[in-house]
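Shown next, in structure tokens, is the structure this report addresses.
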């Protein structure tokens, strides 16, 4: 039992390291989440931080998507729109799996972990779209 608890704790720490790093290139949402978790260390408070960070990343995704769409010609806009529809399907399936996976675990610490995994999926899409914007601006 003790080994299991140590494994769970280690897993949580490893997953959280990118969130808590003090990297100067850290995205403002990650910095906000880091500060929120530092100030709110109970599981319930961490869950609230994670939920709010999720909302912020989702809003960022919508903003970046709109910004990219403005930079594209009509053919590329159609391709991006279709790509985003497919990505949303992937996201929904992945979230469903994540929810199923964590629902099999006992303990409140798994709730913020579930949100951290979901945040990473959205964050990665934001970063990909931002990279596309940068490519277009560099042309």
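Figures for the structure shown
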read-out: Residues satisfying the stated conditions in the range 37-48, i.e. under 15 Å from residue 111 (Cβ atoms) and part of a helix (DSSP H, G or I); value: 37, 43, 44, 45, 46, 47, 48
read-out: Residue within the range 6-29 that is modelled with pLDDT of 95 or more and either farther than 18 Å from residue 124 by Cα or surrounded by 10 or more Cβ atoms within 10 Å (Cβ to Cβ) (or both) present; value: yes
read-out: Residues of the range 64-80 satisfying the condition of being in a helix (DSSP H, G or I) and surrounded by 13 or more Cβ atoms within 10 Å (Cβ to Cβ); value: 64, 65, 67, 68, 69, 71, 76, 77, 80
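The values are calculated or read from the model by the stated rules, or taken from the named source; none is laboratory data. Note that the structure is a prediction, hence the values are computed from the model and not measured. Using ideal geometry, Cβ is built from the backbone for each residue, glycine included, and neighbour counts are taken over all protein chains shown.
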